Number of protein chains: 4
Amino acid sequence: MPGNTFGTVFRVTTWGESHGPALGAVVDGCPPGLSLSADDINEELAWRKSRDTRVSTTRREPDQTEILSGVFEGQTTGTPISLVIYNRDVDSSAYDQLKDLFRPGHADYTYWHKYGIRDRRGGGRASGRETVARVAAGAVAKKLLDQNGITVFAYTLALGGIRAQKMDFGEIYKNTLFCPDPEAVPLIMERLQEVKKSGDSVGGVVEVRAQGCPAGLGEPVFAKLDAALAGALMGIGAVKGVEIGSGFAAAEKLGSENNDPLTPGGFVSNNAGGILGGISNGEEIVARVAVKPIPSIEIEQQTISEEGEPVNLSVKGRHDVSAIPRIVPVCTAMVRLVLADMFLQQKAIR
Amino acid sequence: MPGNTFGTVFRVTTWGESHGPALGAVVDGCPPGLSLSADDINEELAWRKSRDTRVSTTRREPDQTEILSGVFEGQTTGTPISLVIYNRDVDSSAYDQLKDLFRPGHADYTYWHKYGIRDRRGGGRASGRETVARVAAGAVAKKLLDQNGITVFAYTLALGGIRAQKMDFGEIYKNTLFCPDPEAVPLIMERLQEVKKSGDSVGGVVEVRAQGCPAGLGEPVFAKLDAALAGALMGIGAVKGVEIGSGFAAAEKLGSENNDPLTPGGFVSNNAGGILGGISNGEEIVARVAVKPIPSIEIEQQTISEEGEPVNLSVKGRHDVSAIPRIVPVCTAMVRLVLADMFLQQKAIR
Amino acid sequence: MPGNTFGTVFRVTTWGESHGPALGAVVDGCPPGLSLSADDINEELAWRKSRDTRVSTTRREPDQTEILSGVFEGQTTGTPISLVIYNRDVDSSAYDQLKDLFRPGHADYTYWHKYGIRDRRGGGRASGRETVARVAAGAVAKKLLDQNGITVFAYTLALGGIRAQKMDFGEIYKNTLFCPDPEAVPLIMERLQEVKKSGDSVGGVVEVRAQGCPAGLGEPVFAKLDAALAGALMGIGAVKGVEIGSGFAAAEKLGSENNDPLTPGGFVSNNAGGILGGISNGEEIVARVAVKPIPSIEIEQQTISEEGEPVNLSVKGRHDVSAIPRIVPVCTAMVRLVLADMFLQQKAIR
Amino acid sequence: MPGNTFGTVFRVTTWGESHGPALGAVVDGCPPGLSLSADDINEELAWRKSRDTRVSTTRREPDQTEILSGVFEGQTTGTPISLVIYNRDVDSSAYDQLKDLFRPGHADYTYWHKYGIRDRRGGGRASGRETVARVAAGAVAKKLLDQNGITVFAYTLALGGIRAQKMDFGEIYKNTLFCPDPEAVPLIMERLQEVKKSGDSVGGVVEVRAQGCPAGLGEPVFAKLDAALAGALMGIGAVKGVEIGSGFAAAEKLGSENNDPLTPGGFVSNNAGGILGGISNGEEIVARVAVKPIPSIEIEQQTISEEGEPVNLSVKGRHDVSAIPRIVPVCTAMVRLVLADMFLQQKAIR
């Protein structure tokens, strides 16, 4: 069944494999009259690129978008916007080793069982590279949100066991880790290099915030805003957990602690993370996602071949030490896609 | 926009308000030839009922389902199955107090902003009573899963700050808390009564497991199995977090710790929670959800009226101390709906 | 797969069998704040009833709707509206004869092949009675269209080979045939009685018009307004053809004849039937549907049993001589559903 | 709202403008393991090309497809298949004349009202060129149907008022008109040249047939096979009518004439056009579509400018005299898409 389309009114279909000729997205349902250029998209893609080879892949993709439809004289026309990003730095040689093996923790095994065939080069569609199309589509959503005063951003809350203590959002784009705590940056970087050296990988936590979102977005009871966000974020490769507002901490609280008092001046606190009953309440939306360690590691691991034979595998190739920080712009993009969609959904009825 | 339909192939539409005449579900896409009776559904609804008035509402609903279509001579026919559960014990008097007030932590405020009108009686559609239709639909999904050897169950992992230490799944249905640790039960019960006495409420954690699920379910990249589960579970009222397998703990792990080694005999561990790359890997599926405290509490709280005037509010009426344990069968139902849908989706292509 | 849901923003799910306990519809996505009562719906259902036993079934259904959700203090709330119409005059005895036979021209044979099981009583879900739920849902759509100045009506253009010559729309509701030509009415009635006497049935043509529809409705390229109307109307049982505007006559015209000249005062003609490029152009929308003769006839016909044995069958029971005029309000309802949906879809982007 | 996606299980999203850089389609939900090459697609596109400049546009597009994803080592992998066809022979000069004018009978006017902006070059997305993406996607559907013994073809039944009398399907691909009657070909060709000379255009009728389709396809009650076909075919630009089997002729028949007798050897006739109750009955599926004359004609016509000023317009540029025969492969493609989708939908439940 199709699973590559996201959204109802603002709807994105993505395609492409890590080592195929290109990846892309078709954005359908985008309102007409938004200014949009390839630069708008490339700017977002730049944040997703590998930016520090000490801790991430040496694959160097220019990630230049071509807009093949849906824009006329610099404006969206209401027809589908086709975005294509060609792969330029493909090297599948490292995958010869993996030809008929399943990497532990990777989708190799499940794609094989699902489809009976898999594009093994670079992880095929299960590669993190797939997310380039999400970020491209998210850049279009951003234009709609900008117009309506909604801002989304994300950052590294924790990485390799080190948690940001200060929350200086002005710092986020100043370091390659998207970390709001400048003092945590060198500690994390040291940890990442150490992990890399040992041939291992690490996980972390990303936090996403949306500001300026009006009350009333989200469609009960199954397409609630928090349900949509959870699905959107959990659907990013390597994500194993999502929480909104006080999240898992709410499970240990009393109602009198967790309820956000409401005053004529607004909510006094934001344990709700901006969402009540699945509908935005006008406060800042706050979500966190747990990111598992990249499964492709050099440390030797037990696995099996397609024929079921046991093998000890050390994965070579160009891999990140952590999906963070490169997953940060992907989280941003997915939240933008959800909000753009919900914003237009609400317009339909009021 | 419509938000009350769930699923793609096995598709459920629910409707109904807490204090309206009835609630119900239409199940469309159910394969023909499954045996199905009202008793099958009522049996599941019984688990969702308030079972211990020391800690839950005194509202007593018989929750008897009428099957109005889609079943002929005891078998599903492939046409839509309409299920109706009439409300029998409605008392809206306690809501007069709340006529034009917004309960802190509740959806009152957001429904008002979204729709400009709200059925205030008993929380309307935002009430936990809404989930009776989910459980009814889930009972239909169960018939399909039973036929295919897939079993889903859930239980209370933590409640009011007390966590189950033993995991004796045989105990789950023997206590009104659905707790697998019989020693934790009296401790939790004591805590709940104490909280109730203070006019407060508490949160907790539910864990859900699916056994017998074949490898290959889930549709990358947006309709991944974990994305679908996260959306399904986060879309239950009061849920603020969802994690799969090692979940948030994965964020602090190394790849060499978190990867599940693969041997000819299967996976050695299950940090993946049965899902790799968004597709089931044949292992047990494990998810956890964080449940916030019920927002309706007697302890006085600050709020405002529809006119924006500040009010101190103590919520009376028939409320549970915690959404747990009554949310346990709802989590089970939602996971069943996801798996039934994904099972049929996979059939379409292989 | 599910096939019982119609529409994207204004979305209707119907259910129910001819001889089951009830039929109904769930309307999701209806904007809040519309006044709605059971009477509003019953009024539309009354037009669909068998109104002249000389030419239609003697089954007498009161067709009283119960609104089970989504309406509070007389207004829609934005939550799903559940409509139920109980069957009161069920007599399945005539179907014993058909227990394991397939009626020629009927869905008996195809339901059997599709599902491997069928509710044979009264044709089950394949009965014309199924449309009661469509008309009920259409009555909700009517409230939305009324509010926005859009009016839909339909009438009998031809029946039993006799075509209305005059188009006096004021006459439509004055005769039981919904015929705009009062002079044609007695001729058609005579023909119908003659056909009935011979144990046969006849087809005809229904025309539907929508007035007041703004330019801009319809979503290219697959969800065009004409595509949606064609799907909606062809999906009514017994319909075998649909045309818009000049329709099949356009196939024989020159461009210079078929193009509607455009002047500052509007379009000079309406060969387009109000739709250009799949989008409404502000003119009256005009569609016609070809309705085949009712397949259940007393005249003996060749058929086979479920075991494949040849049988000569004369169908007894309570059947109409023609699906017209009772299909007229169904066509109206389907066009209303399409327009309500397209109207809200357009709101989402502009 | 998005309208550029077609299908539920076998799902196609198309994009692209007549004079933009490219057009394309993303096919999602295609089963894995089908052999597929660019040649397979180009072969189908070749049938859609302008083949006789006496009666069709002089625009010469190579229509070479690039497969950018979803195929590995010559086989589909189950992931989305991205197809791109670059425009190579674009000349927008003729459209300068039309910059702010609305062509009568064309979508210019309605796109303007819908979106408030339009890509006027070559008709933008409303151009017949849009269908190149449909044919490309249909070629993928063909591979699935081939594997399952289902064959779809279409032909010119009538054109410019001349109707094919003989039905020799072996002749269809032997003439540039796709006409099964070789004797009608020169007559039609003469008529087309005459019409062209006069600066006018003409309509016609296309018939489509599907052979080998098993009984059981189609999803009642709204996603019936005939409803899906009607929507698919009416959604092609220039189509104003669709009929199945006896179609509009059924409206004038008696039940005893129109019912197809059923014998142990199968149906004796096929007035049903292969569909009963919206479900295929195993017989040949037969549909006809009415195609209006191309609206862009040289004969002077009344129209208005965007400012509402009256203008007399003679449309220059490279236009076909009739949408037929180039629409023939488009009808084939749309029916293939419907059948591929319905085939997989049925697999999901049985």
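How many of the residues in the stretch C:247-271 are under 23 Å from D:Asp100 (Cα atoms), at the interface with chain D (Cβ under 8 Å from one of its Cβ atoms) and either in contact with a helix residue (DSSP H, G or I) (Cβ under 8 Å, 6 or more places away or on another chain) or small (Gly, Ala, Ser) (or both)?
Here is the first cut: in the stretch C:247-271, the ones under 23 Å from D:Asp100 (Cα atoms) are C:255-256, C:258-270.
Then drop every residue that is not at the interface with chain D (Cβ under 8 Å from one of its Cβ atoms), which leaves C:255-256, C:258-264, C:268.
Subset that is either in contact with a helix residue (DSSP H, G or I) (Cβ under 8 Å, 6 or more places away or on another chain) or small (Gly, Ala, Ser) (or both): C:255-256, C:258, C:262.
Counting residues in the stretch C:247-271 that are under 23 Å from D:Asp100 (Cα atoms), at the interface with chain D (Cβ under 8 Å from one of its Cβ atoms) and either in contact with a helix residue (DSSP H, G or I) (Cβ under 8 Å, 6 or more places away or on another chain) or small (Gly, Ala, Ser) (or both) gives 4.
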(message) Which of the numbered conditions does B:Gly74 fail, given that it passes all the others? Conditions: (1) within 14 Å of chain A (Cβ to nearest Cβ); (2) small (Gly, Ala, Ser); (3) farther than 29 Å from A:Thr263 by Cα; (4) surrounded by fewer than 24 Cβ atoms within 10 Å (Cβ to Cβ).
(response) (1)
(message) Could you tell me how many of the residues in the stretch A:1-22 are closer than 28 Å to B:Phe343 by Cα and outside any loop (DSSP other than H, G, I, E, B)?
(response) 8
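Picking from B:Met334, B:Met342, which residue would you name as being among the hydrophobic types (A, V, I, L, M, F, W, C), over 27 Å from B:Arg118 (Cβ atoms) and part of a helix (DSSP H, G or I)? Before you say what the answer is, go through the steps one by one.
Values: B:Met334 fails: over 27 Å from B:Arg118 (Cβ atoms).
Residue meeting the stated conditions: B:Met342.
Can you tell me which of A:Val9, A:Val84, A:Val55 is crowded, with 20+ Cβ neighbours inside 10 Å, more than 16 Å from B:Val221 (Cβ to Cβ) and modelled with pLDDT under 95?
Working: A:Val9 fails: modelled with pLDDT under 95; A:Val84 fails: modelled with pLDDT under 95.
Being crowded, with 20+ Cβ neighbours inside 10 Å, more than 16 Å from B:Val221 (Cβ to Cβ) and modelled with pLDDT under 95 holds for just one of A:Val9, A:Val84, A:Val55, which is A:Val55.
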(message) Can you find a residue that is of a type in the set (Val, Ile, Thr), within 13 Å of another protein chain (Cβ to nearest Cβ), in contact with a Ser or Thr (Cβ under 7 Å, 6 or more places away or on another chain) and within 30 Å of C:Ile81 (Cα to Cα) anywhere in the stretch A:217-224?
(response) yes
(request) Just give me the residues in the stretch B:173-199 being among the aliphatic types (A, V, I, L, M) and surrounded by fewer than 20 Cβ atoms within 10 Å (Cβ to Cβ), in sequence order. (result) B:Leu187
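For the stretch B:329-342, does any single residue satisfy the condition of being touching a Ser or Thr at 6+ places or on another chain (Cβ under 7 Å), within 14 Å of B:Gly128 (Cβ to Cβ), away from chain A (no Cβ under 11 Å) and surrounded by 24 or more Cβ atoms within 10 Å (Cβ to Cβ)?
Within the stretch B:329-342, the first condition is being touching a Ser or Thr at 6+ places or on another chain (Cβ under 7 Å), and the residues that meet it are B:330, B:341.
If we keep only those that are within 14 Å of B:Gly128 (Cβ to Cβ) too, we end up with B:330.
Then keep just the ones that are away from chain A (no Cβ under 11 Å); that gives B:330.
From what is left, the residues that are surrounded by 24 or more Cβ atoms within 10 Å (Cβ to Cβ) are B:330.
Within the stretch B:329-342, one or more residues are touching a Ser or Thr at 6+ places or on another chain (Cβ under 7 Å), within 14 Å of B:Gly128 (Cβ to Cβ), away from chain A (no Cβ under 11 Å) and surrounded by 24 or more Cβ atoms within 10 Å (Cβ to Cβ).
Please find, within the stretch D:225-243, the residue that is farthest from the chain's Cα centre (by Cα) out of those that are farther than 17 Å from C:Gly3 by Cβ and facing chain C (nearest Cβ under 7 Å).
Filtering the stretch D:225-243 down to residues farther than 17 Å from C:Gly3 by Cβ leaves D:233-243.
If we keep only those that are facing chain C (nearest Cβ under 7 Å) too, we end up with D:234-235, D:237, D:240-243.
Numbers: D:Met234: 9, D:Gly235: 8, D:Gly237: 8, D:Lys240: 12, D:Gly241: 13, D:Val242: 12, D:Glu243: 15 Å.
Going through the qualifying residues, I end up with D:Glu243.
I'd like to know if the stretch B:23-35 contains one or more residues that are among the polar types (S, T, N, Q) and in a loop (DSSP other than H, G, I, E, B). Spell out the reasoning first.
Of all residues in the stretch B:23-35, those among the polar types (S, T, N, Q) come to B:35.
Among the residues that remain, those that are also in a loop (DSSP other than H, G, I, E, B) are: none.
No: the stretch B:23-35 contains no residue that is among the polar types (S, T, N, Q) and in a loop (DSSP other than H, G, I, E, B).
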(request) Would you be able to tell me the number of residues in the stretch B:200-211 that are surrounded by fewer than 16 Cβ atoms within 10 Å (Cβ to Cβ) and either touching a helix residue (DSSP H, G or I) at 6+ places or on another chain (Cβ under 8 Å) or of a type in the set (A, V, I, L, M) (or both)? (result) 0
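Got a number for residues in the stretch B:199-211 being outside any strand (DSSP E or B) and at the interface with chain A (Cβ under 7 Å from one of its Cβ atoms)?
In the first step, residues of the stretch B:199-211 are kept if they are outside any strand (DSSP E or B); the result is B:199-201, B:203.
Subset that is at the interface with chain A (Cβ under 7 Å from one of its Cβ atoms): B:200-201, B:203.
Summing the residues that are outside any strand (DSSP E or B) and at the interface with chain A (Cβ under 7 Å from one of its Cβ atoms) in the stretch B:199-211 gives 3.
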(message) Scan the stretch C:92-111 and tell me whether some residue there is in contact with a strand residue (DSSP E or B) (Cβ under 9 Å, 6 or more places away or on another chain), within 26 Å of B:Ala133 (Cβ to Cβ) and away from chain D (no Cβ under 13 Å).
(response) no
(request) Name the residue, out of B:Ala215, B:Ala228, that is surrounded by fewer than 24 Cβ atoms within 10 Å (Cβ to Cβ) and farther than 30 Å from A:Ile162 by Cβ. (result) B:Ala215
(message) Looking at B:Lys196 and the list (1) without any contact (Cβ under 8 Å) to a residue 60 or more places away in the chain; (2) more than 7 Å from chain A (Cβ to nearest Cβ); (3) of a type in the set (D, E, K, R), which single condition is not satisfied?
(response) (1)
(request) Just need a number here: residues in the stretch B:296-318 that are out of contact with any helix residue (DSSP H, G or I) (no Cβ under 6 Å at 6 or more places or on another chain) and part of a loop (DSSP other than H, G, I, E, B). (result) 10
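Looking only at the stretch B:235-252, which residues are in contact (Cβ under 8 Å) with a residue 12 or more places away in the chain and either surrounded by fewer than 24 Cβ atoms within 10 Å (Cβ to Cβ) or hydrophobic (A, V, I, L, M, F, W, C) (or both)? Spell out the reasoning first.
Pass one, the stretch B:235-252, residues in contact (Cβ under 8 Å) with a residue 12 or more places away in the chain: B:235-247, B:250.
The answer is B:Ile236, B:Ala238, B:Val239, B:Val242, B:Ile244, B:Gly247, B:Ala250.
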(request) Filter the stretch A:119-164 down to residues that are in contact with a Ser or Thr (Cβ under 8 Å, 6 or more places away or on another chain) and of a type in the set (Asp, Glu) and give me whichever is nearest to the other protein chains (Cβ to nearest Cβ). (result) A:Asp119
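Look at A:Leu45 and say whether it is closer than 11 Å to A:Val132 by Cβ, at pLDDT 95 or above and assigned to a strand (DSSP E or B).
Working: closer than 11 Å to A:Val132 by Cβ: yes; at pLDDT 95 or above: yes; assigned to a strand (DSSP E or B): no.
No: the conditions fail for A:Leu45.
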(request) Could you tell me whether the stretch D:105-120 includes any residue that is touching a residue at least 60 places away in the same chain (Cβ under 8 Å), of a type in the set (D, E, K, R), assigned to a loop (DSSP other than H, G, I, E, B) and crowded, with 22+ Cβ neighbours inside 10 Å? (result) yes
(request) Starting from residues that are in contact with a His (Cβ under 7 Å, 6 or more places away or on another chain) and facing another protein chain (nearest Cβ under 7 Å), keep the ones in the stretch C:283-311 and report whichever is nearest to C:Leu262 (Cα to Cα). (result) C:Ile294
(message) Residues that are more than 27 Å from the chain's Cα centre (by Cα) and more than 24 Å from A:Arg191 (Cα to Cα): does the stretch A:244-253 have at least one?
(response) yes
(request) State all residues of the stretch D:145-171 that are under 19 Å from the mean Cα position of the chain (by Cα) and more than 16 Å from D:Ile285 (Cβ to Cβ); if no residue qualifies, say none. (result) D:Thr156, D:Ala158, D:Leu159, D:Gly160
(message) Quick check on this structure: which one of D:Ala141, D:Ala227 is over 13 Å from D:Pro325 (Cβ atoms) and in contact with a Leu (Cβ under 8 Å, 6 or more places away or on another chain)?
(response) D:Ala141
(message) Take A:Val321 and tell me if it is more than 8 Å from every other protein chain (Cβ to nearest Cβ), among the β-branched types (Val, Ile, Thr), in a loop (DSSP other than H, G, I, E, B) and under 30 Å from B:Ala290 (Cα atoms).
(response) yes
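Within the stretch D:277-291, can you find the residues that are charged (D, E, K, R), touching a residue at least 24 places away in the same chain (Cβ under 8 Å) and surrounded by fewer than 24 Cβ atoms within 10 Å (Cβ to Cβ)? Write out each step before concluding.
Residues of the stretch D:277-291 charged (D, E, K, R): D:283-284, D:288.
Then keep just the ones that are touching a residue at least 24 places away in the same chain (Cβ under 8 Å); that gives D:284, D:288.
D:Glu284 - this is the single residue of the stretch D:277-291 that is charged (D, E, K, R), touching a residue at least 24 places away in the same chain (Cβ under 8 Å) and surrounded by fewer than 24 Cβ atoms within 10 Å (Cβ to Cβ).
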(request) Go through the stretch D:2-43 and count every residue that is over 22 Å from A:Ala22 (Cα atoms), more than 14 Å from chain C (Cβ to nearest Cβ) and in contact with a Ser or Thr (Cβ under 8 Å, 6 or more places away or on another chain). (result) 1
(message) For the stretch D:212-224, check the following and say yes or no: at least one residue is among the hydrophobic types (A, V, I, L, M, F, W, C), in a helix (DSSP H, G or I) and touching a Gly at 6+ places or on another chain (Cβ under 6 Å).
(response) no
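The values are calculated or read from the model by the stated rules, or taken from the named source; none is laboratory data. It should be emphasised that the depicted structure is a prediction, and the values quoted were computed from it without experimental measurement. Glycine also receives a Cβ, built like all others from the backbone with ideal geometry; neighbour counts cover every protein chain displayed.
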